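Worksheet for the structure shown next.
The values are calculated or read from the model by the stated rules, or taken from the named source; none is laboratory data. Note that the structure is predicted; figures quoted are calculated from it, not measured. Neighbour counts are summed over all protein chains in view; Cβ atoms, including those assigned to glycine, are modelled from backbone coordinates with ideal geometry.
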Amino acid sequence: MNIIRTTHPEFPWRYERDTVHLVRGLPHEVTAEIRDKDGTLYSRIHWGHLFIYAGYQFDGCTCAVDFTRALPGCGAHDALLQMLAVYPGLFDEQIAHDALRDIHTTSSFSLAWLYHFAVSGWPRKLYKRYSK
């Protein structure tokens, strides 16, 4: 698997290899990147694709079980939401939620519909309201 468990207390999952996802609905003119304080490139959006680079760490599937088959979609979702946190209004948040569903569906993750509901329905609204 491309994603491995780490010992980091906040971000227990890390990408071991570079990964690319086509993000449906993401305008081709949208370009952005996330770097750490040392300048290491962790993720980038370019031409409707999300590039996640080796070393990118994330916290797993927020409010859901970190099943192995769910991690690629959850990692991409986290990277897209991180882009929105750094660049507010860059694209609609629903695009990130739909990307999670698309990646889960493509990988035949049988709970894709449930995870999509968790990130785009009322569970997400409750999480955002009470996690501040």
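Looking only at segment 122-132, decide whether some residue is at pLDDT below 95, surrounded by 15 or more Cβ atoms within 10 Å (Cβ to Cβ) and outside any loop (DSSP other than H, G, I, E, B).
Checked segment 122-132: at least one residue is at pLDDT below 95, surrounded by 15 or more Cβ atoms within 10 Å (Cβ to Cβ) and outside any loop (DSSP other than H, G, I, E, B).
Conditions: (1) of a type outside the set (Gly, Ala, Ser); (2) outside any strand (DSSP E or B); (3) more than 19 Å from His116 (Cβ to Cβ). Tyr42 meets all but one. Number of the miss?
(2) is the only condition that Tyr42 fails.
Counting only residues that are surrounded by 17 or more Cβ atoms within 10 Å (Cβ to Cβ) and not β-branched (Val, Ile, Thr), how many does segment 58-68 have?
The total comes to 3.
Residues in segment 78-85: is at least one surrounded by 12 or more Cβ atoms within 10 Å (Cβ to Cβ) and touching a Phe, Trp or Tyr at 6+ places or on another chain (Cβ under 6 Å)?
Within segment 78-85, one or more residues are surrounded by 12 or more Cβ atoms within 10 Å (Cβ to Cβ) and touching a Phe, Trp or Tyr at 6+ places or on another chain (Cβ under 6 Å).
Taking the criterion of being of a type in the set (Asp, Glu), in a helix (DSSP H, G or I) and within 24 Å of Tyr115 (Cβ to Cβ), would at least one residue in segment 56-64 satisfy it?
Checked against the condition, which is being of a type in the set (Asp, Glu), in a helix (DSSP H, G or I) and within 24 Å of Tyr115 (Cβ to Cβ), segment 56-64 yields no hits at all.
In segment 8-32, what residues are part of a loop (DSSP other than H, G, I, E, B) and in contact with a strand residue (DSSP E or B) (Cβ under 8 Å, 6 or more places away or on another chain)?
Selection gives His8, Phe11, Pro12, Glu16, Asp18, Val23, Leu26, Val30, Thr31.
Could you please give the count of residues in segment 31-59 that are at pLDDT below 95 and among the aliphatic types (A, V, I, L, M)?
Result for segment 31-59: 0.
Quick one: count up the residues across segment 1-33 that are in contact (Cβ under 8 Å) with a residue 24 or more places away in the chain, of a type in the set (Lys, Arg) and more than 10 Å from His49 (Cα to Cα).
Selection size over segment 1-33: 2.
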